[in-house]
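Visitor: Mind looking over this structure? Questions follow.
The values are calculated or read from the model by the stated rules, or taken from the named source; none is laboratory data. Note that the structure is a prediction, hence the values are computed from the model and not measured. Glycine gets a Cβ as well: all are built from the backbone with ideal geometry, and neighbour counts include every protein chain shown.
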Amino acid sequence: MDSKARLAINAANQKRAKLLAEQTDLENKGAQSEEKVTMVNMRRAAIQDMIVKQRRSRNDQSMDEWKQRHFQAHHDSKIKSLEDTVGHFSKMVNRNEELDQNLFNKVRTTEADRKQSEQSVTKTRTELLETRRKNKEHLKQLAIKCANEEKALECKLIRDEAVLAKSLANREETIQLLCRHRDLSKEDKHMLLEEQKNQQRLLRIEQRTNLVQQQQMMQETY
């Protein structure tokens with residue numbers, strides 16, 4: 001649960017507590033008003049009784065007249081008491097209706113707040129789920145892309161390693177050919193030197209032979 005939701009819940013709880021306190025205060029005021037009405041009626045009855053007693057002691061009227069006055073006074077007092085009670089409860093009813101309307105308006109307000117908060121929560125939850133879905137799909141595509149890139153590099157590495165191995169083999173083969181070639185060249189140089197020595201030796205022998213022949217020919221001539 002995020003902080004916004006907790007604040008909404010706390011605000012709703014505070015409103016409920018305030019409404020309960022107002023209702024309790026109204027009930028207490030109603031009880032106090034009823035007690036006041038009862039006390040007023042009791043005082044009026046006591047005053048009326050006192051007035052009746054005083055009139056009975058002062059007047060020498062007949063019992064019928066006294067009863068009539070007492071009845072009329074009691075009747076008037078009862079009517080007045082009923083009028084006061086009706087007025088009191090009329091005010092109570094008006095206050096209750098006013099409080100009921102205020103409470104109803106507050107309920108509508110809290111219901112509107114609840115709906116707005118619920119819509120906000122639903123919207124945020126939907127956005128979260130959609131973001132998770134997109135991120136999951138993005139990560140999936142990214143994983144596929146990375147795997148393909150790694151596979152391509154692995155294949156290229158295999159090809160490069162094959163080319164390197166072939167290059168190393170060609171190098172070794174070329175080195176061996178070079179060594180064999182140098183060995184053969186060395187032998188050829190050695191044979192060339194030997195042949196050149198033989199050639200020079202034969203040339204020297206031929207020169208000496210020719211010289212001997214020339215000397216012999218000269219001697220024969222003389």
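Visitor: Got a sec? Which of 92, 39 is exposed (fewer than 11 other Cβ atoms within 10 Å of the Cβ), modelled with pLDDT of 65 or more and on the phi < 0 side of the Ramachandran plot?
Guide: Result: 39 is the single residue among 92, 39 that is exposed (fewer than 11 other Cβ atoms within 10 Å of the Cβ), modelled with pLDDT of 65 or more and on the phi < 0 side of the Ramachandran plot.
Visitor: Can you find a residue in the stretch 141-152 that is exposed (fewer than 10 other Cβ atoms within 10 Å of the Cβ), part of a helix (DSSP H, G or I) and of a type outside the set (Gly, Ala, Ser)? I'd like the intermediate steps shown before the answer.
Guide: Start the filter on the stretch 141-152 by keeping residues that are exposed (fewer than 10 other Cβ atoms within 10 Å of the Cβ), which leaves none.
Checking the stretch 141-152: not a single residue is exposed (fewer than 10 other Cβ atoms within 10 Å of the Cβ), part of a helix (DSSP H, G or I) and of a type outside the set (Gly, Ala, Ser).
Visitor: When you check residue 107 against the structure, is it of a type outside the set (Ser, Thr, Tyr) and within 22 Å of the chain's Cα centre (by Cα), yes or no?
Guide: no
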